[in-house]
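Okay, so here's the structure we're looking at.
The values are calculated or read from the model by the stated rules, or taken from the named source; none is laboratory data. These figures come from a predicted structure and were not determined experimentally. Note: ideal-geometry Cβ built from the backbone for every residue, glycine included; neighbour counts use all protein chains shown.
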Amino acid sequence: MADRFTRGNGVKSRDSRRHYYTPVYIPKASTPRSRRLRLLRRCIPVALAAVILAVSVFLWQSGRKTEDSVIEVSAARQTLREVSTYPRIVDSEAPLSRNDVPADLVSLNTLPNGASVCLRADAAERFLAMVDAMAADGMAIIPIRGYVSYDEQSAVLEEHIDKYIADGASAAEAREQALREYAAPGESEAQLGTLIDVSTDLSSVDRFAATDQYLWLCENAPSYGFIIRKASQPWRLRYVGVDTAQTMRKVGLSLDDYVQAVREENPAAVQESN
C-alpha cells in the first residue's frame with residue numbers, strides 16, 4: 001500500500017494544513033472608570049472591616065465607661081455610708097433662734113476690711129491659711145461679710161421693708177418683696193459664723209466668677225475646708241471642714257445634695273451642732 005506520507009527534506013504532513021490555536025486572553029484597554037471600579041471593589045472590604053473594628057472598639061469603651069461609672073457610684077455610696085456627721089443647713093425649714101451665737105467668734109483684722117468681718121475661730125484660722133496660700137500664688141481676696149447676728153438680719157429686713165413702703169408698696173407687698181431679696185431672721189447660714197463673702201475689691205461681687213481668684217478657690221478651697229456654697233453665688237464660701245469638703249468634691253455633690261445623700265446612705269449620721 002502506497003505510503004500516505006511524503007518523506008524527505010521539508011516533510012509535511014498531509015494534515016499540515018490543519019492549524020490549531022490555543023485561546024489567549026487579551027485584556028481590554030484600561031479606562032479611568034474601570035480603574036475606579038477596581039479600586040472601589042478593593043476598598044469596600046477594607047472600609048467595612050475598619051467600620052466593624054471602630055464599632056467594636058466603641059462598644060468596648062462604652063462598656064468600660066459604664067462599668068467604671070458603676071464602680072465610681074458604688075465607691076461614692078460606700079464613702080457616704082462611712083460619714084457619721086454632716087454640716088448644718090439653715091433655711092426656713094430649719095431656722096436658727098436668736099440665742100444661736102457661736103461662742104468663739106474672731107475678727108479677721110489682719111486682712112483689708114477684715115476688722116468688721118468675724119468667723120468662728122476654726123473657720124477663721126483656715127481662711128487665713130487659705131489667703132496666705134493664695135498670696136503665694138500672686139493673688140488676693142478681700143472678706144466682705146462674715147457672721148451676721150439674728151438681730152442684724154432682722155434690722156436689714158425691716159430697713160428694706162420700710163424702703164419699699166416709702167416707694168408706695170403696702171406693708172404686705174413690701175415684706176414679700178424684701179423676703180425675696182433677704183432671708184428672714186434666723187434663716188441665714190451667716191449666723192453660723194462659717195459663711196463668708198469675698199471679692200477682689202469692695203465695689204461688687206457680681207464679677208467674681210470671672211476672676212483668677214475664683215478659679216483658684218474652685219481648685220484649692222476644699223484643701224482648707226471651704227466650699228463654694230452655691231453655684232449661683234460664686235463669691236460665698238462655707239466652711240465645712242477639710243474632710244467634708246474633700247469628700248464632697250470626691251462625690252461631686254453640692255452641700256444640700258451631700259447632706260441628703262448622707263442621710264439616705266447612713267441614717268445613723270447626725271447633724272453637726274453648729
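Answer yes or no as to whether Pro112 is in the same structural domain as Pro222 (by TED's automatic domain parsing), surrounded by 16 or more Cβ atoms within 10 Å (Cβ to Cβ) and at negative phi.
Working: in the same structural domain as Pro222 (by TED's automatic domain parsing): yes; surrounded by 16 or more Cβ atoms within 10 Å (Cβ to Cβ): no; at negative phi: yes.
No.
Okay, residues lined up against (1) of a type in the set (S, T, N, Q); (2) surrounded by fewer than 18 Cβ atoms within 10 Å (Cβ to Cβ); (3) under 36 Å from the mean Cα position of the chain (by Cα):
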{"residue": "Tyr147", "(1), (2), (3)": "no, no, yes"}
{"residue": "Val156", "(1), (2), (3)": "no, yes, yes"}
{"residue": "Ala166", "(1), (2), (3)": "no, yes, no"}
{"residue": "Ala169", "(1), (2), (3)": "no, yes, no"}
{"residue": "Glu176", "(1), (2), (3)": "no, yes, yes"}
{"residue": "Ala190", "(1), (2), (3)": "no, no, yes"}
{"residue": "Ser199", "(1), (2), (3)": "yes, no, yes"}
{"residue": "Ser204", "(1), (2), (3)": "yes, yes, yes"}
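I want to confirm something. Restricting to segment 44-99 and keeping residues that are acidic (Asp, Glu) and at pLDDT 70 or above, which single residue is surrounded by the fewest Cβ atoms within 10 Å (Cβ to Cβ)?
In the first step, residues of segment 44-99 are kept if they are acidic (Asp, Glu); the result is 67-68, 72, 82, 91, 93.
After this cut, where a residue has to be at pLDDT 70 or above as well, the list is 82, 91, 93.
Values: Glu82: 11, Asp91: 13, Glu93: 7.
Here the answer is Glu93.
Within segment 100-125, how many residues turn out to be at pLDDT 95 or above, outside any helix (DSSP H, G or I) and of a type in the set (A, V, I, L, M, F, W, C)?
So the count comes out to 8.
For segment 172-207, what are the residues that are of a type in the set (D, E, K, R) and either at pLDDT below 95 or in a helix (DSSP H, G or I) (or both)? Give the derivation first.
Initially, segment 172-207 is screened for residues of a type in the set (D, E, K, R), giving 173, 175-176, 180-181, 187, 189, 197, 201, 206-207.
Across segment 172-207, the qualifying residues are Glu173, Arg175, Glu176, Arg180, Glu181, Glu189, Asp201, Asp206, Arg207.
Show the residue pairs that are 6+ apart or on different chains and have beta-carbon atoms under 8 Å apart, the first residue being within segment 147-163 and on the phi < 0 side of the Ramachandran plot and outside any helix (DSSP H, G or I), the second being crowded, with 17+ Cβ neighbours inside 10 Å and polar (S, T, N, Q).
Sorted first by the residue in segment 147-163, then by its partner, the pairs are Tyr147/Gln191; Val148/Ser188; Val148/Gln191; Ser149/Gln191.
Filtering segment 108-133 down to residues that are among the small types (Gly, Ala, Ser) and in contact (Cβ under 8 Å) with a residue 40 or more places away in the chain, which residue is farthest from Ile144 (Cα to Cα)? If you could, list the steps in order and put the result at the bottom.
Initial filter on segment 108-133 (among the small types (Gly, Ala, Ser)): 114-116, 121, 123-124, 129, 133.
Imposing the further condition that a residue be in contact (Cβ under 8 Å) with a residue 40 or more places away in the chain reduces the set to 123, 129, 133.
Working: Ala123: 15, Ala129: 17, Ala133: 19 Å.
By that ranking, first place goes to Ala133.
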